[in-house]
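Take a look at the structure below.
The values are calculated or read from the model by the stated rules, or taken from the named source; none is laboratory data. Everything quoted here is computed from the prediction, not taken from an experiment. With ideal geometry, Cβ positions are generated from the backbone for all residues, glycine too; neighbour counts draw on all protein chains shown. To get the accessible areas, we keep the full protein, side chains included, count just its heavy atoms, and leave off ligands, DNA and RNA. Shrake-Rupley method; radii C 1.70, N 1.55, O 1.52, S 1.80 Å.
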Amino acid sequence: VMPEMGGFEVLEHLQKKNNKIPILVFSNLAQDEEKERALKLGAKAYFVKSETDIDQVAELIRTGIENDS
């Protein structure tokens, strides 16, 4: 939970600004709907914190974030 606005609101704001910076989402929400929504709003990858090994994140960065996860 973020203080000023939620994660989806941040993604919506960045999408309106034509953000070119790759965004990786780390969340406790594991529902497919949440992941789909984040990716639709421009996130390059969506990780569920309890299911993610740091090596997965490092590999994504190493191989290039443009390859959606």
Once the Cβ-Cβ distance between Glu36 and Val57 is put in as r, and R0 is 22 Å, what FRET efficiency do you end up with, to the nearest 0.05? 0.65
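Assign unit charges at the C-beta atoms only (+1 for Lys and Arg, -1 for Asp and Glu), then state the dipole size of the chain relative to its Cα centre in Debye, rounded to the nearest 20. Please list the in-between numbers first.
On the way: 9 positive and 13 negative charges, 73 e Å.
The calculation lands at about 360 debye.
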Could you tell me what a quarter of the Cα convex hull surface of the chain works out to, in nm² with one decimal place? 4.8
Might you tell me the accessible area per residue for the chain, computed with a 1.4 Å probe and given in Å²? 77
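At a 1.4 Å probe radius, carbon and sulfur cover how many percent of the accessible area of the chain?
Values: 2720 of 5300 Å².
After summing per-atom areas, the C and S share lands at 51 percent.
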